[in-house]
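Worksheet: the structure to be examined is printed underneath.
The values are calculated or read from the model by the stated rules, or taken from the named source; none is laboratory data. Owing to the predicted nature of the structure, the values given are computational and were not obtained by experimental measurement. Please note: Cβ atoms are built from the backbone with ideal geometry, for glycine as well, and neighbour counts cover all protein chains shown. For accessibility, only protein heavy atoms count, side chains too; no ligands or nucleic acids. Shrake-Rupley method; radii C 1.70, N 1.55, O 1.52, S 1.80 Å.
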Amino acid sequence: EDEKFLTDLFAQLTDEATDEEKRQELVNFLKEFCAFSQTLQPQNRDAFFKTLSNMGILPALEVILGMDDAQVRSAATDIFSYLVEYNPSMVREFVMQEAQQNDDDILLINLIIEHMICDTDPELGGAVLLMGLLRTLVDPENMLATANKTEKTEFLGFFYKHCMHVLTAPLLANTTEDKPSKDDFQTAQLLALILELLTFCVEHHTYHIKNYIINKDILRRVLVLMASKHAFLALCALRFKRKIIGLKDEFYNRYIMKSFLFEPVVKAFLNNGSRYNLMNSAIIEMFEFIRVEDIKSLTAHVIENYWKALEDVDYVQTFKGLKLRFEQQRERQDNPKLDSMRSILRNHRYRRDARTLEDEEEMWFNTDEDDMEDGEAVVPPSDKPKNDEDIMDPISKFMERKKLKESEEKEVLLKTNLSGRQSPSFKLSFSSGTKSNLTSQSSASNLPGSPGSPGSPGSPGSPGSVSKSTSQMAAITTKGGLVGLVDYPDDDEEDDEDEDKEETLPLSKKAKLESS
């Protein structure tokens, strides 16, 4: 029943005998029906649009768009936008199939372009909507690619053959002279929309748009709009050329140089004068891009043909930088040997000589097995790589020795400072210049076994006093001269005190110490 209802609906819409009011109601109903489908679940929405497609909604829209009623055409445009947003590939397939049967004038996509061009709205609201739909249809990002066919190749070939001439017709008609034929606001807005779509094509299409621009001399026509009194239209024309230069394609560059297509840009720059505005900045940015990217062909073309007009511009360094690039380029052309030497130095700066490798291999084969240690090959010391462990090993050993020395010095200093608190002090004595004896002894009052220190380990009656006292004495003998273990400024005073105390010891004590 639903399919029968839709079939009857489309039949009444396309029937010329249908009353105009009745057709308006049917189109508005179908428009609301499509708008309501946006609230459905994705599965149900897909089924809905597939049913509309199978029932022939696109042929019906083609008929409706060809009618004179503006309200009916507007509603049909809204329905078409729902279909394009849902599945642009479905629309492309229908358009390519009908191209085999119908003329170019009545193709659905050409009807869309014509409605865009003939929009009577001063603000071109409908034209903006239709331009967005065309942009979606020619966008390669949403085109399918299968093993058997490529939608991008087929549709773009169809579009540039059957539709592009319809799109560019207003542009070509308005740029037959040095200035735009019509320069009113509505025409300028329409041409700006067309340039926006052409700029999109330059960015996303490859050889199709390139062949069309070069064969139809489109860029020359576009640059005529640089003389428009509307700044936004002149900027659109400049943006179109900037997009072409940004591709750095030599086919485009040769076309630009052959037709001297920098002349309208330089003329607009000079006419702008010293005004600091968007036009001034955009033109300077384009020349700056040529300088930074070092596009040699365009650099030479600009300097050779327009340097006299631009040499007085000194508030930016762009044009002087272009001249410098040009002179460097000419210097390299005049001295090709210098340029080749620079390239050789760049290529061989970090390359090792092959003879060095051969010498190392010969050394390895001439080395006996006895000269190898632990199965390692002999490598020249200068070429043997050093890993991190080899570099860090001496440093770590040095730090260990330093820490050991510091700890020994701290021990000696601690024992020296505690000499008056029942800790043995050290005395370094030398005999005959060849042997040094380090004798540990205590002060007279605190010496083990001395009277006046009851309960001490060396006091009479305490066992092990002799063995403990002898264990506290050490002798260090060095050969070959006098060696000072530690040199402290207070050592001399302590030695004098020890000598005085030693003189006050009883003879029996001295004898014991000397015998030990």
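Below are the figures for this structure:
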item: Pairs, first over 22 Å from SER89 (Cβ atoms) in segment 29-50, second not aliphatic (A, V, I, L, M), C-beta under 6 Å, six or more apart; result: LYS31/ASP78
item: Any chance ASP119 is assigned to a loop (DSSP other than H, G, I, E, B), of a type in the set (D, E, K, R), open to solvent by less than 60 Å² (accessible area, probe 1.4 Å) and not assigned by the TED database to the domain that holds ILE64; result: yes
item: Breaking point among (1) polar (S, T, N, Q); (2) loosely packed, with under 12 Cβ neighbours inside 10 Å; (3) part of a loop (DSSP other than H, G, I, E, B), for ASN44; result: (3)
item: Selection count, segment 287-308, where residues are open to solvent by less than 10 Å² (accessible area, probe 1.4 Å) and not β-branched (Val, Ile, Thr); result: 2
item: Test: THR39 is among the hydroxyl-bearing types (Ser, Thr, Tyr) and either in contact with a strand residue (DSSP E or B) (Cβ under 9 Å, 6 or more places away or on another chain) or open to solvent by 70 Å² or more (accessible area, probe 1.4 Å) (or both); result: yes
item: Residue in segment 232-242 that is more than 20 Å from ASP217 (Cα to Cα) and either touching an Asp or Glu at 6+ places or on another chain (Cβ under 7 Å) or of a type outside the set (Lys, Arg) (or both) present; result: yes
item: Criterion violated by SER74 - all others in (1) at pLDDT 90 or above; (2) closer than 27 Å to ALA188 by Cβ satisfied; result: (1)
item: Selection count, segment 302-333, where residues are touching a helix residue (DSSP H, G or I) at 6+ places or on another chain (Cβ under 8 Å), part of a helix (DSSP H, G or I) and of a type in the set (A, V, I, L, M); result: 5
item: Options GLU21, GLU85, GLU25, GLU32; residue that is of a type outside the set (Val, Ile, Thr), part of a helix (DSSP H, G or I), under 24 Å from VAL138 (Cα atoms) and open to solvent by 80 Å² or more (accessible area, probe 1.4 Å); result: GLU85
item: Subset of segment 137-146 that is in contact with a helix residue (DSSP H, G or I) (Cβ under 7 Å, 6 or more places away or on another chain) and in a helix (DSSP H, G or I) - its residue that is nearest to HIS205 (Cα to Cα); result: PRO140
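Table: residues versus (1) in contact with a His (Cβ under 6 Å, 6 or more places away or on another chain); (2) among the hydroxyl-bearing types (Ser, Thr, Tyr); (3) open to solvent by less than 40 Å² (accessible area, probe 1.4 Å).
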{"position": "ILE109", "(1), (2), (3)": "no, no, yes"}
{"position": "GLU114", "(1), (2), (3)": "no, no, no"}
{"position": "LEU124", "(1), (2), (3)": "no, no, yes"}
{"position": "VAL128", "(1), (2), (3)": "no, no, no"}
{"position": "PRO140", "(1), (2), (3)": "yes, no, yes"}
{"position": "ALA145", "(1), (2), (3)": "no, no, no"}
{"position": "LYS152", "(1), (2), (3)": "no, no, no"}
{"position": "PHE155", "(1), (2), (3)": "no, no, yes"}
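Each row is one residue, and each column tells you yes or no for (1) crowded, with 20+ Cβ neighbours inside 10 Å; (2) touching a helix residue (DSSP H, G or I) at 6+ places or on another chain (Cβ under 8 Å); (3) part of a helix (DSSP H, G or I); (4) not assigned by the TED database to the domain that holds LEU108.
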{"residue": "ARG135", "(1), (2), (3), (4)": "no, yes, yes, no"}
{"residue": "PRO170", "(1), (2), (3), (4)": "no, yes, yes, no"}
{"residue": "PRO180", "(1), (2), (3), (4)": "yes, yes, no, no"}
{"residue": "LEU191", "(1), (2), (3), (4)": "yes, yes, yes, no"}
